[in-house]
Amino acid sequence: MSTDSVVIVGTGVAGATAALALRTGGFDGAVTLVGRDQHLPYRRPTLSKDVLLTGMPVEKALLKPATHWEDIGVAVRTGVVVTGGDTAARTLELSDGAALAYGSLVLATGGAARELPGLPPAPRVKYLRDFADATALRDELGRAGSVIVLGAGLIGSEVASAAAKLGATVTVIEPATLPLARVVPPSIGERLAGLQREAGVDLLLGVRPGEITVDPDQVSVALPGGGALVADLLVVAVGSSPDTGLAERLALRVDDGILVDEQYRTSAEGVYAVGDCARVPHPLEGGTYRAENWSAAQDQGTAVAQVLLGGAPAPTVPWGWSNQFGAVLQFAGWPAADDELEVDGPMDTASGDPFFARCSRGGALAGAVAMGRPKELRAVRGELSEQIAAAVAR
C-alpha cells in the first residue's frame, strides 16, 4: 500500500466496514474513523425495526464493542464533524479545533433524511436517520394514538408497520400511485399496498399533502380535495439526500452524490467515497447510481479496502430487505418500476405468502424482488456478479 495512514469520515456501516476490512487485510498503518454521530458504529437497519418496536438500546445494535476497535488499533472519534481540509496537503480540519493528516481519505458520510421546507423536527414532527431520531420516535409512538406518515417508501412503510403494531391509528400519504413506486414493478407495489390496508392502515395513494399545521397538541395535514387529516404525530419519510457537504468544501466532483470511478476514487488524488454519499458507475448498464441500503454500503466498504490494499475490488450487487406488516420484502440488483417480470408464486394476495419475481430490462437480467425466497435471491445476486465479472474481462 502506498500510504501509511487512512482516515475514514463517517462511522456508518460503509466507513466501519472499510476500517475492519483494512485490518483484516493486513494493513498495519494508522486507521482513524471520524463521525458526527455520538455513538460507536451501529447497525442502522435496526432503527426502523427493532428500535421502534422493542426499544432496543444502542449497545445491542453496535457493530463491534468499544474494546474491539481498541484491540485492532482503529481510533474512533465520535461526535466530531470534519469542517474542511486541503486535499493537496492531505489534511482535515475538525470541529473540535484539531487537524488530522492522512495518506488516504475515504468519505463515507452517508445521507440525511430529506426535510420538507419550513417543517423542521419538533416534538410532533419526526424524521428518522440516526439512533437519536429512532429513540425519540419510539417514545412518541408509545404515546401517540394516531400517526400520519408522509411517504410510502421503505422507511415510511416500516414506520407505518411499527406504529400499527404498537396500536396507533395510522394514515400513510403517498403522492405516487403505489408504495415503493420508484423501485418495484406495479404488481409488487399493489401487493405491498394490500399488506398495509390489511393491517388497518389508511393508505392514501396519488395524494400530495397540502399545508401542514403543527400545534402543541396535534398536527394537521390539508388534503387537495378539501378537509384535513389530524393526528397526534407526523412522521416525514420522503427520501434522503447524500451528504456531500464535505466533498463540496474539498472541491470534489459532485452530482447528486460524490462521483467516483470503478475503484471508488474521487476527482482528488488519494480521496475515495463509498456508501450512500457515493455515485458509482453502473457495471452493466452504464451511467451511475447511488445504492442507498445497508448491504451495499457494507459491500462498498469492503471493496474500497481491497483497493487501498492494492487489489481489485470484487463486483458489488446491491441487495437488501425490508420488514413490514409481517412480511420480509427482499430485493437484489437494480429492479425498477417498468421492468418485465417472471413471477413464481401468488401476487394477488395481501398476505406475506412467498413469491419470487425475476426482473428484466431490455431482455437482460436487472434484479429480483421476493418474499420468503432467499435462496433464489442469492442465485440472482450470483448471476449478476458473474455478468459483471464477464463485462470487466471484455
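Read-outs throughout are calculated quantities, based only on the coordinates presented, and are distinct from any laboratory measurement. Here the structure is a predicted model, which means the values were calculated and not measured. Glycine gets a Cβ as well: all are built from the backbone with ideal geometry, and neighbour counts include every protein chain shown.
Results, tabulated for the structure shown:
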read-out	value
Magnitude of the charge dipole, the chain, Cβ model with Lys/Arg +1 and Asp/Glu -1, debye to 20	340 debye
Ranked by how many other beta carbons lie within 10 Å on average, peptides 126-139, 270-283, 56-69 from highest	270-283, 126-139, 56-69
For segment 7-99, size of Cβ-based charge dipole, Lys and Arg +1, Asp and Glu -1, in debye	320 debye
Length-normalised contact order of the chain in % [C-alpha pairs under 8 Å, at least 6 apart]	16 percent
Positive-end residue, the chain charge dipole about Cα centroid, Cβ charges, pick of THR349, ALA251, ALA19	ALA19
Rounded tilt (10° steps) of 294-308 against the dominant C-alpha axis of the chain	10 degrees
Helix 154-165 vs. the chain, principal-axis angle (Cα, 0 to 90°, nearest 10)	50 degrees
Taking segment 115-236 and dividing mean pair separation by its residue count, relative contact order in percent (alpha carbons under 8 Å, at least six apart)	30 percent
Debye, to nearest 20: dipole size of segment 57-121, +1 on Lys, Arg Cβ, -1 on Asp, Glu Cβ	180 debye
Amide hydrogen neighbours beyond the local backbone of LEU180, cut-off 5 Å, H modeled	ALA152, GLY153
D_trans [Stokes-Einstein, Kirkwood Rh over alpha-carbon pairs] for segment 326-393, 10 °C, 1.306 mPa s, µm² s⁻¹	127 µm²/s
Antiparallel %, DSSP beta bridges [both residues in the chain], to 5	60 percent
Farthest toward positive dipole pole in the chain [+1 Lys/Arg, -1 Asp/Glu at C-beta], among VAL106, SER360, PRO57	PRO57
Between segment 258-289 and segment 93-113, the Cα center-to-center distance that results, in Å	18 Å
Fraction of antiparallel bridges per DSSP, segment 1-97 only, in percent to nearest 5	35 percent
Cα-based helix-to-principal-axis angle, 186-198 vs the chain, degrees rounded to 10	60 degrees
Cα gyration tensor shape for segment 227-277, rounded if a/c is under 1.5, else prolate or oblate	prolate
Gyration tensor verdict on the chain (Cα atoms; rounded if a/c is under 1.5, prolate if a/b is larger than b/c, oblate otherwise)	oblate
